[in-house]
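Everything below concerns the one structure shown next.
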Amino acid sequence: MPTYKVSIVIPGSNNPGAIINMDERPLPGQQIRLEKEDFLIVEVQELLPPRNDFHFLHVTCRPAQAAG
Amino acid sequence: MQDLETLKSVELFSGLEADELQKIAALLEERNYAPDEIIVKQGSPRDKLYIITEGLVEVSVEKPSGDGQHSVVKLGKGQTVGEMSLVDQGSRSATVRAISDPTKVLAVNQQVFSELCNQDARIGYIVMKNIAADLSFRLRQRHLSDWRE
């Protein structure tokens, strides 16, 4: 089963971002919860080529309440 | 002993065979932390390597001014804490604090784990290669997050 190692950044936020493993590939438009805050995924990029069962992604988010 | 499926989802052990994972599983102990509980403190001696299996932790460093902490990144499921000092033998480079309820980790004594890596060269080579890849990933994440402020 693939594992998605995901780098998350939130431009314009004081949130330092996160690195987490996910069981499913994140997609733009989805919401993601970090601690107690919800974020909207704006963009997903492949950060590095896959290795073994691991995929390496970079996700840009913005706060969900600012999504409009 | 830990579920091998859990270990397979940890990049640190990616590429290891089932019998090799079993050797590592025998060394691991489960630990639970409450929110705000310190897992490791910056500057303290190295002792354990931690693998986050549930929840989030915050990695922070002391501001150069000595006035509080600067949050660097949050780490979640599958990420490791303490791998830098496994390589460079240095003291803790950052403070790591549990921020979710629950926060669950697997802990392994660094000296015991180093001995396994020395005794079994294939395990040692793969683990060290994975640590290098993880540090590279974190550096890339850091570069991409630098423009957030």
Residues whose modelled amide H sits under 5 Å from the amide H of B:LYS48, counting only those 5 or more places away in sequence or on another chain, are B:GLN110
Determine the alpha carbon to alpha carbon distance for each of B:LYS77/B:LYS129; B:LYS74/B:LYS129; B:LYS23/B:LYS104; A:LYS5/B:LYS41; B:LYS77/B:LYS104 and list only those over 18 Å. B:LYS77/B:LYS129; B:LYS74/B:LYS129; B:LYS23/B:LYS104; A:LYS5/B:LYS41
For a quick check: sort B:VAL108, B:VAL10, A:VAL42, B:VAL57 by the number of other beta carbons within 10 angstrom, fewest at the front. A:VAL42, B:VAL108, B:VAL10, B:VAL57
At q = 0.10, 0.13 1/Å the base-10 log of I(q)/I(0) from the Debye formula over the alpha-carbon atoms of region B:4-141 is -0.32, -0.54
If you take the charge dipole of region B:1-78 about its Cα centre, with +1 on Lys and Arg Cβ and -1 on Asp and Glu Cβ, which of B:SER44, B:SER9, B:GLY76 is farthest toward its positive end? B:SER44
Rounded to the nearest 20 Debye, what is the dipole magnitude of chain B about its Cα centre when Lys and Arg each give +1 and Asp and Glu each give -1 at the C-beta? 380
Percent relative contact order of chain A, based on C-alpha pairs within less than 8 angstrom and at least six residues apart? 37
Just to confirm the filter: which GluC sites (Glu not before Pro) across region A:4-68 are DSSP coil and have at most 10 other Cβ within 10 angstrom of their Cβ? A:GLU24
Setting aside same-chain residues fewer than 8 positions from B:LYS8, which aspartates and glutamates have a Cα under 17 Å from its Cα? A:ASP23, A:GLU24, A:ASP53, B:GLU17, B:ASP19, B:GLU20, B:GLU29, B:GLU30, B:GLU54, B:ASP134
Förster-model FRET efficiency, 30 Å R0, A:GLU37 and B:GLU62, C-beta, rounded to 0.05: 0.75
Could you give the radius of gyration (one decimal) and Dmax (whole number) of the Cα atoms in the protein assembly as shown, in Å? 17.0, 57
Over the alpha carbons of chain A, what is the largest minus smallest coordinate on each principal axis, giving the biggest first in Å? 37, 20, 18
Under 5 Å from the placed amide H of B:THR103, counting only residues 5+ away or on other chains, we find B:TYR33
In terms of modelled amide H atoms, which long-range or inter-chain residues lie less than 5 Å from the amide H of A:LEU34? A:PHE39
For labels at A:ASN52 and A:ASP23 in the simple 7 Å Cα→Cβ model, what's the distance in nm? 2.0
For B:ASP19 and A:GLN45, what does the FRET efficiency come to when R0 = 41 Å and r is the distance between their Cβ atoms, rounded to the nearest 0.05? 0.65
In which sequence would B:ILE52, A:ILE32, A:ILE10 go, from the one with the fewest C-beta neighbours within 10 Å to the one with the most? A:ILE32, A:ILE10, B:ILE52
Relative contact order of region B:4-141 (C-alpha contacts under 8 Å, at least 6 apart) in percent is 34
Under a point-charge model restricted to the Cβ atoms of Lys and Arg (+1) and Asp and Glu (-1), what is the dipole moment magnitude of region B:47-96 relative to its Cα centre, in debye to the nearest 20? 100
For region B:62-72, in residue order, the Karplus 3J(HN,Hα) values (coefficients 6.51, -1.76, 1.60; θ = phi - 60°; whole Hz; Gly and Pro = x) are 5, 5, x, 6, x, 9, x, 10, 10, 6, 9
With only Lys, Arg, Asp and Glu charged, each at its Cβ (+1 for the first two, -1 for the last two), find how big the charge dipole of region A:3-66 is about the Cα centre; round to the nearest 20 debye. 80
Which of rounded, prolate, oblate describes region B:77-120, given a ≥ b ≥ c as roots of the alpha-carbon gyration tensor eigenvalues and a/c under 1.5 marking rounded, otherwise prolate only if a/b is larger than b/c? oblate
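Any read-out appearing in this document is the output of simple, stated calculations on the displayed coordinates, not a laboratory observation. Keep in mind it's a predicted model, so treat the numbers as computed, not measured. When we count neighbours, we look across all protein chains shown, and the Cβ atoms used for this are built from the backbone with ideal geometry, even at glycine.
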